[in-house]
1. When you check residue 187 against the structure, is it closer than 27 Å to residue 66 by Cβ and open to solvent by 70 Å² or more (accessible area, probe 1.4 Å), yes or no?
2. Which members of the range 190-209 meet the condition of being in a loop (DSSP other than H, G, I, E, B), open to solvent by less than 30 Å² (accessible area, probe 1.4 Å) and under 17 Å from residue 137 (Cβ atoms)?
3. Of all strands (runs of 3 or more DSSP E) completely enclosed by the range 90-175, which ones contain at least 2 residues that are open to solvent by less than 50 Å² (accessible area, probe 1.4 Å) and among the aromatic types (Phe, Trp, Tyr)?
4. Considering only the range 62-89, how many residues are open to solvent by 50 Å² or more (accessible area, probe 1.4 Å), part of a loop (DSSP other than H, G, I, E, B) and more than 14 Å from residue 190 (Cα to Cα)?
5. Would you mind telling me which numbered condition in (1) acidic (Asp, Glu); (2) in contact with a Leu (Cβ under 9 Å, 6 or more places away or on another chain); (3) free of Cβ contacts under 8 Å to residues at least 60 places away in the same chain residue 109 fails?
6. Output the residues belonging to the range 144-169 that are β-branched (Val, Ile, Thr) and free of Cβ contacts under 8 Å to residues at least 60 places away in the same chain.
Amino acid sequence: MIAIRPRWSRGAAVACLLALGASGCGLSAELDRERNPERIPAPTPPVPFEIPPQMTATPGRPHAVPVQPAAGCPRSGVRYGTGPVDAAMGLRAMTLTLTNCGEHPYTVDGYPFVRVLDGEGAPLAGVRTVAGTDEVAMAPRAPGPRPLTLAPGESARAGLYWRTAAEEGTHLRVGSRRDRGLVNIRPAESLDIGPVNVLGTTPWVAATP
């Protein structure tokens, strides 16, 4: 006897295809149940954290010491500068200048305020500033202080003297006196004055043109 294979009608095949399209014949849902029988939701991928620009830091970058503006006249109406370092037999000398760049007369009287700073803006430990030059060996004798009034555009100068040493001061905190308009400046040449030393000063005098 020859077995007769049942034949599907075209209508039945179309009905099955429509059912597969609508429900996937349950295969997709069944596969999901096998992969995740407890129906635990899939974790959300983490969002990468980006460091804002203000939080970034450049390793090895030295701390910047704020100094007077490179150009123009500061709000104080005075501008400071330095000359080169003169050297002879262990003695060092530098000229500190003050220029009245404002619109009104400016009076100086006595000795300048000077503090030697390192590259981070901190005072060099053990270095002290004195009025006069008696404590600096071989330094010239300082004249007595006298009041001096500078018209706009005029300058005054004072001398700085020290004995050579190993540690360098790269910045100076200066003022016409201790309680008046202190500002940081960076001399063209460093002061080889630390770690323990004395910086002698001479009083303000009129700077010759």
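The values are calculated or read from the model by the stated rules, or taken from the named source; none is laboratory data. Predicted, not measured: the structure shown is a model, and the values here were computed from it. FYI the Cβ positions are ideal-geometry reconstructions off the backbone, even for glycines, and counts take in every protein chain you see. Accessible surface areas use protein heavy atoms only, side chains included; no ligands, DNA or RNA. Shrake-Rupley method; radii C 1.70, N 1.55, O 1.52, S 1.80 Å.
1. Numbers: closer than 27 Å to residue 66 by Cβ: yes; open to solvent by 70 Å² or more (accessible area, probe 1.4 Å): no.
No; evaluated as a whole, the condition is false for this residue.
2. Keep residues of the range 190-209 that are in a loop (DSSP other than H, G, I, E, B), which gives 190, 195-196, 202-204, 207-209.
If we keep only those that are open to solvent by less than 30 Å² (accessible area, probe 1.4 Å) as well, we get 202-204.
If the condition is that a residue be in a loop (DSSP other than H, G, I, E, B), open to solvent by less than 30 Å² (accessible area, probe 1.4 Å) and under 17 Å from residue 137 (Cβ atoms), then 202 is the only one that fits.
3. Details: elements: 91-100, 106-108, 113-117, 127-131, 148-150, 155-163, 167-169, 171-175.
It comes to 155-163.
4. Within the range 62-89, the first condition is being open to solvent by 50 Å² or more (accessible area, probe 1.4 Å), and the residues that meet it are 62-64, 66-67, 69-73, 75-76, 79, 84, 86-89.
The next check asks that each one be part of a loop (DSSP other than H, G, I, E, B); those that pass are 62-64, 66-67, 69-73, 75-76, 84, 89.
The next check asks that each one be more than 14 Å from residue 190 (Cα to Cα); those that pass are 62-64, 66-67, 69-73, 75-76, 89.
Final tally of qualifying residues: 13.
5. All conditions are met except number (3).
6. Pass one, the range 144-169, residues β-branched (Val, Ile, Thr): 149, 164.
Of everything in the range 144-169, just one residue is β-branched (Val, Ile, Thr) and free of Cβ contacts under 8 Å to residues at least 60 places away in the same chain, namely 149.
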